[in-house]
Amino acid sequence: NVLDINNIDISKDNLNLDDKKSKFNINTKKIDVLVKNIKIVDTKTSIEDLTLKTPTLNFDDIQSKIKVESSNINLNVNSFLLDKEDISIKDIKLIKPSISVKDKTNNIELNAKDIQLHINNIVNKKDDLSVNFVKLFEPKLDFLNTSDKTKIVAKNLDLEVKKLSNGKNGFKIEKINLNKPNISIVLAKKENQIENENNTKPDSKEVETVKKEDNKSPKNRLDIGPVNITNGIFSFEDKNLPIPFKTTVTKLNGKISEFKNKKSSTTNLEVKGVVDEYGVAKITGVVRPNNIKLLTDINMIFSNIAVQNFTPYSGKFVGREIKSGKLDLDLKYNIEESNLEAKNNIVISKLELGEKVESADAVSLPLDIAIALLRDSNGIIDINLPVSGNVDDPQFAIGSIIWKAFVNLMTKAVTAPFSLLGAMFNFNEDEIKSVKFDPLEDEVGPIQRETLDKIAQILKSRSEIAIELSPSYDEAKDG
C-alpha cells in the first residue's frame, strides 16, 4: 500500500487529443512535465512539486464555439496532498503566459499577456473551500465584444484577494486590494446605431421566486469586502461622435464597504479622483446590493471640469463646439422602493460657444440667446434640473428625461423669456412682462416704477440682454 517515487520527468514533442464525440480538441507542442517526490500511502497521495511547461497549449470546443490558445505556459504546484476527498495545496504559481479566448456564441474575445498569478494555501474539505490569498501581478487584459466592438483594456493591475472561503456559511472574501489599476473603455464607431431604451424587464413574480430560493440556500450567501482601490487610472473613449470624445480620471482612490446579498444589508462607497488635468470627482453613497431599486442614495460631485472637452457631445446633440468654460456638477440620486428623486445642480462658468458642427442628431436649440438669458453678471449659469419617476416603468430612462428637461429649459428661454427670468429672480411673469399706464396717463408713477425697477435689476445682472419697448395705445380711450 505504499508507493514512493522520487522523480517523474516527461517530455513530449507533440501531444494531441481529438474527441470526435464531444467535438473538442486539445493539442500542445513540446510539453515538459516534472513531478518530484510522489508518495502514496493508503488513501493519501502527496506531491512535493509539479511543474508544467509548454510553449503552446490550444483547446478548441467546436460544439460550444470556444477556442483557447495559450503560449509560454509555466505552471508550478507546490506541496499537493490528496486524502480521500480532501485536497490541500501550498502554492500555485502561473508565470507570464499569454492566453487568448474566443467565444463566438457570446461574441467575446479575451487576450491576456504577462499573467503572474500566485495562489496560496488552498484547502478543500468536502464542500468547504478556503484560500489564504490570491495575487495577480500586472497582467495586460484586452476584452472585446465582437458584436458592438466595445473594448476594455486593463493593465498594471496589482490585485490581492485575502481569505477566500466557500462553504456552509456561503462565499466570503475578507478583503480585496486593487492597486494601480489602469482601465480603459472604448466605444467603437458603429455604422448603424439602434438604441433600445425599453429593455425587457423580468416578471416581478419570477424575481420574487428567485429571491426566495436565494435566501434559502446558504451557498448563495455573499460576504465580500471591503474593496480598496489605490492610485488607479480610468479612461473612457467614445468614437460614435462627429469628434471622438475621450476623458481620463487619474489618482483614483476609494473604498467600497462590505458587500452582502442579505435582504437588509447595505454597501457604502466613496471614490475620488482627478478628471483630465484640473478637474476633481467624488462619488459617495449607500446602496442595497441585493436590490438597488429598494435603496440607492448616491451623491456625485464634479468640480472644475473643462467644458470644452465635451465638444464631441455638444457637436453631436446641439451642433456647436464649446470654446471654453468650467463645469461644476452636484448630482443627488435617491431611489426608495423604485421611486426616484434626483437633483441635478449644474453650474457653468465663462461658457463660450464655438463653430457649428454638422450632425444629423443635432437638435435645433437657440443656445446663444438661452446662454445670454441664463448667464449672470459674473458669467455664471446656475441650473437646477430635478427629475422624478418610477424606475419600474418601461418608458422610464434617466438619460432621455434629463435631456428632455434640458431641451425644454433652452426652448423656454426663447419662447417665454419673461417667465424664465421671473423664476430666476423670484418675480411673477406678469410683474415684468409689461408696464401698464391708465388712459392719458403721462407720468411714471409708483406702480410703473416697481415694474421698471425689476426690469433694471434684470438688466444689471444680465448685461448681454437688451429690451425693446413696444408702445401701444387704445384707439377708443387714448384717441
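The values are calculated or read from the model by the stated rules, or taken from the named source; none is laboratory data. Since the structure is predicted, the reported quantities are computational estimates derived from the model, not experimental observations. We place every Cβ from the backbone using ideal geometry, glycine too, and count neighbours over all the protein chains shown. For the accessible areas, the whole protein counts, side chains as well, though only heavy atoms, and no ligand, DNA or RNA atoms are used. Shrake-Rupley method; radii C 1.70, N 1.55, O 1.52, S 1.80 Å.
Summed over segment 432-465, residues that are of a type in the set (D, E) and touching a strand residue (DSSP E or B) at 6+ places or on another chain (Cβ under 9 Å) total 1.
Would you say L34 is open to solvent by 40 Å² or more (accessible area, probe 1.4 Å) and within 30 Å of K126 (Cα to Cα)? So L34 passes the test. Output the residues belonging to segment 143-160 that are assigned to a loop (DSSP other than H, G, I, E, B) and of a type in the set (D, E). Once the filter is applied, which keeps residues that are assigned to a loop (DSSP other than H, G, I, E, B) and of a type in the set (D, E), segment 143-160 yields only D148. Looking only at residues of segment 417-435 that are assigned to a loop (DSSP other than H, G, I, E, B) and not hydroxyl-bearing (S, T, Y), we find that the one that is farthest from the chain's Cα centre (by Cα) is V435. If the condition is being within 26 Å of K96 (Cα to Cα), among the aliphatic types (A, V, I, L, M) and at pLDDT 90 or above, then segment 27-65 contributes V33, L34, V35, I47, L50, L52. Could we say that D9 is closer than 26 Å to E109 by Cβ and either open to solvent by less than 80 Å² (accessible area, probe 1.4 Å) or touching a Leu at 6+ places or on another chain (Cβ under 9 Å) (or both) here? When the stated conditions are applied, D9 does not pass them. Contact map, segment 322-342: first residue farther than 20 Å from Q395 by Cβ, second residue outside any strand (DSSP E or B) and of a type in the set (S, T, N, Q), Cβ cut-off under 7 Å, separation 6 or more or different chains; pairs are I322/Q308; I322/T311; I322/S314; K323/Q308; S324/Q308; G325/Q308. Of all residue pairs spaced 6 or more apart or on separate chains, none has beta-carbon atoms under 6 Å together with a first member in segment 3-17 that is modelled with pLDDT under 90 and outside any strand (DSSP E or B) and a second member that is basic (K, R) and open to solvent by 90 Å² or more (accessible area, probe 1.4 Å).
Here is a yes/no grid of residues against (1) in contact with a strand residue (DSSP E or B) (Cβ under 8 Å, 6 or more places away or on another chain); (2) at negative phi; (3) open to solvent by less than 60 Å² (accessible area, probe 1.4 Å); (4) at pLDDT 90 or above:
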site: F236; (1), (2), (3), (4): yes, yes, yes, no
site: T247; (1), (2), (3), (4): yes, yes, yes, no
site: T250; (1), (2), (3), (4): yes, yes, yes, yes
site: K262; (1), (2), (3), (4): no, yes, no, no
site: E270; (1), (2), (3), (4): yes, yes, no, yes
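A count restricted to segment 403-417 and to residues that are closer than 30 Å to K293 by Cα and either among the acidic types (D, E) or open to solvent by 40 Å² or more (accessible area, probe 1.4 Å) (or both) stands at 4. The requirement of being open to solvent by less than 70 Å² (accessible area, probe 1.4 Å), under 42 Å from the mean Cα position of the chain (by Cα) and without any contact (Cβ under 8 Å) to a residue 60 or more places away in the chain is fulfilled nowhere in segment 448-455; no residue meets it.
Selection of segment 277-292 for residues being of a type in the set (K, R) and in contact with a Leu (Cβ under 9 Å, 6 or more places away or on another chain) yields only R288. Considering (1) surrounded by fewer than 16 Cβ atoms within 10 Å (Cβ to Cβ); (2) touching a residue at least 12 places away in the same chain (Cβ under 8 Å); (3) at negative phi, the lone condition that N107 does not fulfil carries the number (3). Selection of segment 41-60 for residues being open to solvent by less than 50 Å² (accessible area, probe 1.4 Å) and closer than 20 Å to K125 by Cα yields T45, S46, I47.
Being within 32 Å of the chain's Cα centre (by Cα), over 22 Å from D328 (Cβ atoms), of a type in the set (D, E) and open to solvent by 60 Å² or more (accessible area, probe 1.4 Å): is that true of D438 here? Taking the combined requirement at face value, the residue does not satisfy it. Pairs meeting the criteria (first residue in segment 456-474 and under 16 Å from A413 (Cβ atoms) and in contact (Cβ under 8 Å) with a residue 60 or more places away in the chain, second residue small (G, A, S) and part of a loop (DSSP other than H, G, I, E, B), beta carbons under 8 Å, at least 6 apart or on different chains) are S461/S377; R462/S377. With respect to S70, determine if the residue is among the hydroxyl-bearing types (S, T, Y), within 24 Å of N14 (Cα to Cα), in contact with a Ser or Thr (Cβ under 9 Å, 6 or more places away or on another chain) and part of a strand (DSSP E or B). It is true that S70 is among the hydroxyl-bearing types (S, T, Y), within 24 Å of N14 (Cα to Cα), in contact with a Ser or Thr (Cβ under 9 Å, 6 or more places away or on another chain) and part of a strand (DSSP E or B). Of the residues making up segment 46-103, those that are closer than 19 Å to F133 by Cα and of a type in the set (G, A, S) number 2. The selection criterion, being open to solvent by less than 70 Å² (accessible area, probe 1.4 Å), without any contact (Cβ under 8 Å) to a residue 60 or more places away in the chain, outside any helix (DSSP H, G or I) and under 21 Å from G315 (Cβ atoms), does not hold for G389. Scanning segment 331-350 for residues that are surrounded by 17 or more Cβ atoms within 10 Å (Cβ to Cβ), among the small types (G, A, S) and closer than 20 Å to I401 by Cβ returns a single hit, A342. Set side by side, the residues L374, L353, L367, L295 differ, and just one is closer than 30 Å to N268 by Cα, surrounded by 15 or more Cβ atoms within 10 Å (Cβ to Cβ) and in contact (Cβ under 8 Å) with a residue 12 or more places away in the chain, which is L295.
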